[in-house]
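Have a look at the structure below before the remarks.
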Amino acid sequence: MKRYLSATVALLLCAAAHAETDLKCEPFTPRVRAIKISRMQPARREKTWLEGSPKSVTSVTCDIRGMKTGESEYDGKALRLKTAFTYKEGDEAKTLCENLMSEQKLTSTFSGEARSSLDEFCRRNRKKDFGVALVHDLSPSGAGTQPRGQESFRQPIRQIFRLYNTRGFVTEEFAFDPLLNLETRTVYAYDKANNLTETTVLDFDDRQLSRETLTRDKKTASRTRSVYGESNELRKKTVYEDREDGTLRRETRSSYDAGEQVITRSEIYCNAKGRYEKELLYDGDAPEPGHELTYAYTVDAKGNWTQERRNRTILYNGNRIPDTQAAPEITNRELQYY
């Protein structure tokens, strides 16, 4: 199971646009086979805010290992994007590489210039332990390219090859576009306890696109996630503080401009179960918050929330003023378990 670690990769969803995707589903207890997340457009009736209709919907299907097998995005009821994920490991992954190299021999002049980046990857790493995730575009824009029921035969829009170390953890990911050219390379680093400590995303020319570090402090029971840009400038930082039982007590988020000056900051306080309860929002490095968000939940029989509702309050000169003009933020989740 260690091989199926969360990994962020560049995903080409159409010829003109890129999006990023995580191959791993959000973790739940018990495991889920499908998640549907609806972000609502609340409607006001007199002084009451009603749930309203969905303004955006994301649906994800997961296998028993917690890896994504499908993902769909809707604007209202209109399907905008749909992707499918398949995974090959061990001999299956090596066979895919062998077939690719055979095809290259038939279609190229054998020169280095004629080989694709993916072909070069296969040649260099044929004796190593690796797997591959294939991403297929099933969105409406490509619906007419295959007969009904034959979507699985489409060529993948992304092939993500993952190298493993001797402990079975992903050390590098190579994301290739539809023309088999390298788009990004992601490098992972771990500590002696196999905790992920750093993730670096590089472009096809090995230039840094972003870097993320994860540090832990046992004395304070805290973890810090820092995100850096192309020039190693700090762009985001999140500090997680845990209780003695391991549940989240407080989360502090900060975002920075290119000069590493604070743009926004928020402090989130959690209840005994580690669920968000109150969030204080600061403008820049202001000493006092300007707004407060309060969280309310509806949970299912498994203890996972099915609706999250956030209400805004204005904080001014020590006074708390409910923002009756601002619609609450309402998110619904439908969970199907294994």
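Can you say whether K237 is modelled with pLDDT of 95 or more and under 30 Å from Q41 (Cβ atoms), as far as the supplied structure shows? Working first, answer last.
Details: modelled with pLDDT of 95 or more: yes; under 30 Å from Q41 (Cβ atoms): no.
No; evaluated as a whole, the condition is false for this residue.
Give all pairs with beta carbons closer than 6 Å in which a residue from the stretch 275-302 that is under 20 Å from T264 (Cα atoms) meets a residue that is modelled with pLDDT under 95; count only pairs at least 6 apart in sequence or on separate chains.
Cβ pairs passing all conditions: G290/D283.
Any chance the stretch 299-321 includes a residue that's exposed (fewer than 14 other Cβ atoms within 10 Å of the Cβ), of a type in the set (D, E, K, R), touching a strand residue (DSSP E or B) at 6+ places or on another chain (Cβ under 9 Å) and more than 25 Å from K36 (Cα to Cα)?
Scanning the stretch 299-321 turns up at least one residue that is exposed (fewer than 14 other Cβ atoms within 10 Å of the Cβ), of a type in the set (D, E, K, R), touching a strand residue (DSSP E or B) at 6+ places or on another chain (Cβ under 9 Å) and more than 25 Å from K36 (Cα to Cα).
Select from the stretch 237-256 the residues that are closer than 27 Å to V201 by Cα and either hydroxyl-bearing (S, T, Y) or out of contact with any Asp or Glu (no Cβ under 9 Å at 6 or more places or on another chain) (or both) and list them in ascending order.
The answer is K237, T238, Y240, T252, S254, S255, Y256.
Applying the selection to the stretch 224-253, what residues are in a strand (DSSP E or B) and within 20 Å of L209 (Cα to Cα)?
The initial filter retains those residues of the stretch 224-253 that are in a strand (DSSP E or B), namely 224-228, 234-242, 248-253.
Within the stretch 224-253, R225, S226, V227, Y228, L234, R235, K236, K237, T238 meet the criteria.
Quick one: N194 ticks every box in (1) in a strand (DSSP E or B); (2) surrounded by fewer than 16 Cβ atoms within 10 Å (Cβ to Cβ); (3) of a type in the set (S, T, N, Q) bar one, so which box is it?
Of everything listed in (1) in a strand (DSSP E or B); (2) surrounded by fewer than 16 Cβ atoms within 10 Å (Cβ to Cβ); (3) of a type in the set (S, T, N, Q), N194 misses just condition (1).
So which pairs qualify, if the first residue must be in the stretch 154-171 and part of a loop (DSSP other than H, G, I, E, B), the second must be hydrophobic (A, V, I, L, M, F, W, C) and crowded, with 16+ Cβ neighbours inside 10 Å, the Cβ gap must be under 8 Å, and the two must be at least 6 apart or on different chains?
Hits for this filter: R154/L138; P156/L134; P156/V135; I157/L11; I157/L12; I157/L13; I157/V135; F169/L5.
Which members of the stretch 197-220 meet the condition of being in a loop (DSSP other than H, G, I, E, B) and free of Cβ contacts under 8 Å to residues at least 24 places away in the same chain? Before the answer, list the steps.
Taking the stretch 197-220 first, the residues in a loop (DSSP other than H, G, I, E, B) are 204-207, 218-220.
Result: D205, D206, R207, K218, K219, T220.
For the stretch 133-143, check the following and say yes or no: at least one residue is among the charged types (D, E, K, R), touching a Leu at 6+ places or on another chain (Cβ under 6 Å) and modelled with pLDDT of 70 or more. Steps first, please.
Step one: filter the stretch 133-143 for residues among the charged types (D, E, K, R), giving 137.
Those still in the list that are touching a Leu at 6+ places or on another chain (Cβ under 6 Å) too: none.
The answer is no, given that none of the residues of the stretch 133-143 is among the charged types (D, E, K, R), touching a Leu at 6+ places or on another chain (Cβ under 6 Å) and modelled with pLDDT of 70 or more.
What is the number of the single condition among (1) touching an Asp or Glu at 6+ places or on another chain (Cβ under 9 Å); (2) exposed (fewer than 13 other Cβ atoms within 10 Å of the Cβ); (3) modelled with pLDDT of 95 or more that S231 does not meet?
Status for S231: all satisfied but (1).
Which residue out of R223, R265 is more than 21 Å from the chain's Cα centre (by Cα), basic (K, R) and at pLDDT 95 or above?
Working: R223 fails: more than 21 Å from the chain's Cα centre (by Cα).
Of R223, R265, the one residue that is more than 21 Å from the chain's Cα centre (by Cα), basic (K, R) and at pLDDT 95 or above is R265.
Quick one: which strands (runs of 3 or more DSSP E) lie wholly within the stretch 267-334 and hold at least 1 residues that are closer than 22 Å to F28 by Cα and basic (K, R)?
Numbers: elements: 276-283, 291-299, 305-316, 319-322.
Passing ranges, in order: 305-316.
Go through the stretch 268-295 and give me each residue that's surrounded by 15 or more Cβ atoms within 10 Å (Cβ to Cβ) and more than 26 Å from the chain's Cα centre (by Cα).
Once the filter is applied, which keeps residues that are surrounded by 15 or more Cβ atoms within 10 Å (Cβ to Cβ) and more than 26 Å from the chain's Cα centre (by Cα), the stretch 268-295 yields P289, H291, E292.
The values are calculated or read from the model by the stated rules, or taken from the named source; none is laboratory data. Quick caveat: nothing in here was measured; it's all calculated off a predicted structure. Positions of Cβ are generated from backbone atoms using ideal geometry, with glycine treated the same way; all protein chains shown enter the neighbour counts.
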